[in-house]
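Participant: One structure, as structure tokens, below. Some questions next.
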Amino acid sequence: MRQYIIAGNWKMNKTNREALEFITELKAIMPATKAQVVVCAPFTALSDLVKATEGSNIAIGAENMSSKDSGAFTGEISPLMLKDLGVKYVILGHSERREIFKETDACINAKVKAAITHGLTPLFCIGETLTQREAGHLVSVLKTQINGGLEGLMADDMKKVVIAYEPVWAIGTGVTATTAQADEAHVVVRNIVSAMFNASVAANVQIQYGGSMNAANAEELLGKENVDGGLIGGASLKAADFVKIIAAAK
Ligand code: 13P
């Protein structure tokens, strides 16, 4: 049985003060849930967010990190620094990192390995653009991203990896994948994972859907057999919206 994982991705939003206000409100209205709840926030808010969520069932995640432990990498944040703060999750390979910051599959692969080495759970993001989907390249794009991003991992390592399927055309656009499109793509992901590792890894890996998930469509998306959670951008910025998505994971 796969557990639900509902994670917010705040992107470049919220000052430290705003982050703490959000967590205070979230804790006050948090529904009883069996889902793993994660808030992924800018680096500047992580330390205080970890402290503010101690003893709760809310885990804190980063939105990116370096693959290196330390050294001359001006402006970078290492896995050791995140670990030291009590951060548990890290988003890796988000389409915005791929597109805007030109992160390659090889670079994301190094980060995934570093996260596993240091006991951080990667939320490993993949997804196709509209052009790629319309050209019929969904399977080959996901295959390249998964094979490249997870290269060199052992089947056992996959217990520590969460995959987030985020069709690029659905991110921040208000256009959500239909439940059928989401479920279909998640089956494609499981098949690729099965071929790369084995059927048991594929059956057990948690796959989140991301892309305009919100309070109104979460229940339907999360109701699909192969959808094990959500990676939520815009709708994770207000605690009142985020709790509705958490409540839909049942
Ligand atoms: P939106 O929910 O704002 O579409 O963003 C999705 C996303 O990119 C989460 O990582």
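The values are calculated or read from the model by the stated rules, or taken from the named source; none is laboratory data. This is a predicted model, so every value here is computed, not measured. So basically every Cβ, Gly included, is an ideal-geometry build from the backbone, and we count neighbours across all protein chains shown. Just so you know, the surface numbers come from the protein's heavy atoms only, side chains and all, with ligands and any DNA or RNA stripped out. Shrake-Rupley method; radii C 1.70, N 1.55, O 1.52, S 1.80 Å.
Participant: Taking 28 Å as the cut-off for C-alpha to C-alpha distance, list the pairs among Lys83/Lys224; Lys11/Lys88; Lys143/Lys250; Lys143/Lys224; Lys11/Lys51; Lys102/Lys238 that go past it. Can you show the working numbers first?
Facilitator: Numbers: Lys83/Lys224 33 Å; Lys11/Lys88 17 Å; Lys143/Lys250 30 Å; Lys143/Lys224 22 Å; Lys11/Lys51 20 Å; Lys102/Lys238 30 Å.
The answer is Lys83/Lys224; Lys143/Lys250; Lys102/Lys238.
Participant: Let me ask something else about it. How far apart, in nanometres, would the label points at Asp156 and Ala216 be if each is projected 7 angstrom from Cα along the Cα-to-Cβ direction?
Facilitator: Result: 4.8 nm between the two label points.
Participant: Plugging the Kirkwood radius over Cα pairs into Stokes-Einstein for the stretch 8-94, at a temperature of 25 °C and a viscosity of 0.890 mPa s, what D comes out in µm²/s?
Facilitator: 182
Participant: Tell me, Kirkwood radius of the stretch 68-223 from alpha-carbon pair distances, in Å? Don't skip to the answer; put the middle values down first.
Facilitator: Numbers: mean 1/r = 0.0618 Å⁻¹.
Computed over Cα pairs of the stretch 68-223, the Kirkwood hydrodynamic radius comes out at 16.2 Å.
Participant: In nm, give the distance between the simple-model label positions of Asn16 and Thr117, each being 7 Å from the Cα along the Cα-to-Cβ direction.
Facilitator: My value for the distance between the label points is 2.9 nm.
Participant: Considering only Cys125, Cys40, Cys107, give the residue with the highest GNM mean-square fluctuation for the chain, with springs between Cα atoms whenever their separation is below 10 Å.
Facilitator: Cys107
Participant: Comparing Ala135, Ala115, Ala218, which has the greatest mean-square fluctuation in the GNM of the chain with Cα pairs linked when under 10 Å apart?
Facilitator: Ala135
Participant: Between Ser47 and Asp84, what is 0.36 nm times their sequence separation minus the Cα-Cα distance? Round to one decimal in nm.
Facilitator: Working: separation 37, 0.36 × 37 = 13.32 nm, distance 0.94 nm.
Using 0.36 nm per residue and subtracting the Cα-Cα distance, I get 12.4 nm.
Participant: How much area per residue is accessible in the chain when the probe is 1.4 Å and only protein heavy atoms are counted (Å²)? Could the numbers behind the result be given before it?
Facilitator: Working: 11150 Å² over 250 residues.
Value for the chain: 45 Å² per residue.
Participant: Oh, and also: Return the carbon/sulfur percentage of the accessible area of the chain, one whole number, probe 1.4 Å, all protein chains in place. Provide the component values of the computation, followed by the final result.
Facilitator: Values: 6090 of 11150 Å².
Solvent-exposed carbon and sulfur of the chain make up 55 percent of the total.
Participant: If you put +1 on each Lys and Arg Cβ and -1 on each Asp and Glu Cβ, how big is the dipole of the stretch 1-104 around its Cα centre, in Debye rounded to 20?
Facilitator: 280
Participant: Using the Cα centre of the chain as the reference point, and only Cβ charges (+1 on K/R, -1 on D/E), how large is the resulting charge dipole? Debye, rounded to the nearest 20.
Facilitator: Taking the Cα centre of the chain as origin, the dipole is about 340 debye.
Participant: Specify the inter-centroid distance of the stretch 48-116 and the stretch 120-152, based on alpha-carbon positions, in whole Å.
Facilitator: Here the two parts' Cα centres lie 19 Å apart.
Participant: Then there's this: What is the local net charge at Arg97, summed over the other residues whose Cβ is closer than 14 Å to its Cβ (Lys, Arg +1; Asp, Glu -1)? Don't skip to the answer; put the middle values down first.
Facilitator: On the way: positive: Lys11, Arg98, Lys102, Lys111; negative: Glu63, Glu76, Glu96, Glu99, Glu103, Asp105, Glu166.
The answer is -3.
Participant: Also, I was wondering about something else. How far apart, in nm, are two points set 7 Å out from the Cα along the Cα-to-Cβ line at Ala203 and at Thr179?
Facilitator: Between Ala203 and Thr179, the label points sit 2.4 nm apart.
Participant: I'd like to compare 4-17, 67-80: which one has the highest average count of other Cβ atoms within 10 Å, and what's the full order after that?
Facilitator: Values: 4-17: 19.0, 67-80: 13.0.
Descending packing order for the listed peptides: 4-17, 67-80.
Participant: Pull up all non-local amide H partners of Glu166: gap of 5 or more, or a different chain, and H-to-H distance under 5 Å with H placed in the peptide plane.
Facilitator: HN-HN under 5 Å from Glu166: Ile126, Gly127, Gly210.
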